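The values are calculated or read from the model by the stated rules, or taken from the named source; none is laboratory data. Predicted model only: the values in this text are computed from it and were never measured. Heads up, the Cβs are rebuilt from the backbone with ideal geometry, glycines too, and the neighbour counts pull from every protein chain shown.
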Amino acid sequence: MKLRSFTIENYRSIKNARKIDISDLTTIIGRNNEGKSNILRALNVAMTIIGKRRSLASARLRPNKDDFFYNRKRDFPIDLQDETESGETAFELEFYSFSPSEKKGLEKIIGKAYSKDSISIRIEIGIQEKPCITCECKEISKFTNEITDFVSSHITFNYISAIRTNENAEYVVQSLVSSELKILEGDKKYKKALETIKKIREPLLKKVSKNVKKSLIEFLPSIRDLRIEFAENSRAWPFLREGINIVIDDGQPTNLEYKGDGIKSLVTMGLLKNRGDVGTPSIIAIEEPESHLHSSAIDRLKKILEDLSRTSQVIVSSHNPILVNRYDQGVNILVENGQAIFKPNIRQIRDSLGIKISDNLTDAENVLLVEGETDKVILASFIKSFFPKLFKAIEQNAVVIQSSGGTKNMPAILKTYSMLVCKVFVVTDADKSAREMLKKLKEENLVLESDYCSLTCTGKYESEIEDVFDPSSYIDFINKRYGLNLVLKDFSGNLKWSEKIAKILNGKGKILEKKDISDLKQLVAEKIAENIKKAYDKRRCPALYAFIKNTEKQIFQSNH
């Protein structure tokens, strides 16, 4: 079971964010104080209510010390409180991707007549602060309580706030240990004698300790040993009988409680890597996972989050550009002025995070330099589909695809990369301005003959990257956007793409300015990227495939 989407109405700074798509790894980005964390907190409130439905059924919500619950004075938008005493905070969660056993479990509750592939649960909290839970589909609304309990028992939710203490880390460990110990609850020996149980669970603690230590070493190489011990006389976890202590030996064995905030944060993040191994589908929401991390550790953090997302859904809020997914923009959510912007483009992301060109590439060993953002979108999808080994290097930031913002900027950028000792491969259009620039780059010894590719298309004197791909991948989009009935034949001819599309649309009574062409190129690039295998015809531009293949070879040869 997975969470498909999440809707927020009237929670703190978020007035209305409908159907926020949740992927395996979702990144919520934006400047400080824009509302990123409020999305995660809202999700935490909703999942906590689902998990505690029975205990909350007859009680008002009260904030606990960890800020997990809802308080109207704090959480209902302040400006709306001034306007009216009524009004509700509401959340809606849509779950899908049920396993065969989960489908059978749901059928026992609602019967086989229900044909939809998802279930939506809505939570409304009014002035009385008492949650009202309903299933949105009328067919199954009478089974709301049973469905809510079913979801709660089949999905685990972890929320890690931006302020991470030793209690956060212990909570994660307790969750790991408790999930393992559930296997032992039905064991007769467990019920018969506590001493027997201690002997049975000792190997389990050693196993968890070993796995946790392995994860933490990635962040804290100085760790010599780590032990997880049961603490006597703790009431924190009744079914465990005792709570736990985390003892870290980094030269001096010390309880985590007495370590500094930086160590506590790193421990919490390292522990998450194990969270996907416990068997139960889970959702993990993390505020600013890069907090307290040295810049050199953030790349390792990104890899851990990606690994974790293979078994759990991971949602993070961040203002660090390294954690932005550059090659699948649809999984990024940009928050500005309390509004969630779905599928932001790279320009919006950079503007929001204040990223300059030079900021992205100081750690990259290899750079694929292209003219514009549209080239970057298409080339990333092309490499992902046809050169998975190279794309993996891109995901690991060993290779970066970078836009120069136009051919005129390439000399200065290449000189900068030269000072950074970066290996640069250049891909340009095959038009007059690009040819002149390539000539200049070669004269100044900024690019080798083996390290550039001009996208010359068969039968054309001038061409752009869009000319490399079949118009069938985006013709329906253009027809719908402009209300036309263009056919593939309309795209024939020798003009390069931007001139050709302007001529076609002008001939159909549409006036396109330079900015309109630029915006259209971005949208068309996204359509091409979505259907890259269908769109690419090697006969149109054999040079592209050959160049990327040679680039991949050079990069991996240089790494050995």
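Of the residues contained in the stretch 264-274, none is found to be farther than 21 Å from residue 399 by Cα, at pLDDT 75 or above, assigned by TED's automatic domain parsing to the domain that holds residue 216 and surrounded by fewer than 20 Cβ atoms within 10 Å (Cβ to Cβ). Residues in the stretch 437-453 that are loosely packed, with under 12 Cβ neighbours inside 10 Å and either over 22 Å from residue 496 (Cβ atoms) or in contact (Cβ under 8 Å) with a residue 24 or more places away in the chain (or both): 443, 444, 445, 449, 450.
Each row is one residue, and each column tells you yes or no for (1) of a type in the set (A, V, I, L, M, F, W, C); (2) surrounded by fewer than 19 Cβ atoms within 10 Å (Cβ to Cβ).
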{"residue": "89", "(1), (2)": "no, no"}
{"residue": "96", "(1), (2)": "no, yes"}
{"residue": "99", "(1), (2)": "no, yes"}
{"residue": "103", "(1), (2)": "no, yes"}
{"residue": "116", "(1), (2)": "no, yes"}
{"residue": "136", "(1), (2)": "no, yes"}
{"residue": "150", "(1), (2)": "yes, no"}
{"residue": "153", "(1), (2)": "no, yes"}
{"residue": "159", "(1), (2)": "no, no"}
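For the stretch 212-221, the set of residues classified as of a type outside the set (A, V, I, L, M, F, W, C) and at pLDDT below 75 consists of 215, 218, 221, listed by residue number. For the stretch 454-466, indicate whether the set of residues that are surrounded by fewer than 20 Cβ atoms within 10 Å (Cβ to Cβ), in a helix (DSSP H, G or I) and not β-branched (Val, Ile, Thr) is non-empty. Taking every residue of the stretch 454-466 in turn, none turns out to be surrounded by fewer than 20 Cβ atoms within 10 Å (Cβ to Cβ), in a helix (DSSP H, G or I) and not β-branched (Val, Ile, Thr).
Going through (1) assigned to a helix (DSSP H, G or I); (2) under 20 Å from residue 544 (Cβ atoms) one by one, residue 440 falls short only on (2). Contact map, the stretch 24-39: first residue closer than 25 Å to residue 90 by Cβ, second residue of a type in the set (Gly, Ala, Ser) and surrounded by fewer than 21 Cβ atoms within 10 Å (Cβ to Cβ), Cβ cut-off under 6 Å, separation 6 or more or different chains; pairs are 30/352; 35/13; 35/338; 38/13.
Conditions tested, residue by residue: (1) in the same structural domain as residue 490 (by TED's automatic domain parsing); (2) within 18 Å of residue 525 (Cα to Cα); (3) modelled with pLDDT of 95 or more; (4) out of contact with any Leu (no Cβ under 7 Å at 6 or more places or on another chain).
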| position | (1), (2), (3), (4) |
| --- | --- |
| 383 | yes, yes, yes, no |
| 403 | yes, yes, no, yes |
| 407 | yes, no, no, yes |
| 424 | yes, no, no, no |
| 439 | yes, no, no, yes |
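Test residue 543 against the criterion of being under 16 Å from residue 377 (Cα atoms), of a type in the set (Gly, Ala, Ser) and surrounded by 15 or more Cβ atoms within 10 Å (Cβ to Cβ), and give yes or no. The answer is no for residue 543. Within the stretch 499-538, the only residue that satisfies the criterion of being over 33 Å from the mean Cα position of the chain (by Cα) and polar (S, T, N, Q) is 506.
With respect to residue 463, is the statement that it is in contact with a strand residue (DSSP E or B) (Cβ under 9 Å, 6 or more places away or on another chain) and not acidic (Asp, Glu) true?
Considered against the rule, which asks whether it is in contact with a strand residue (DSSP E or B) (Cβ under 9 Å, 6 or more places away or on another chain) and not acidic (Asp, Glu), residue 463 comes out as yes.
Considering the stretch 337-375, and only residues there that are of a type in the set (D, E, K, R) and modelled with pLDDT of 70 or more, the residue that is surrounded by the most Cβ atoms within 10 Å (Cβ to Cβ) turns out to be 371. Of all the listed residues (481, 539), the sole one being under 21 Å from residue 427 (Cβ atoms) and either modelled with pLDDT under 95 or assigned by TED's automatic domain parsing to the domain that holds residue 424 (or both) is 539.
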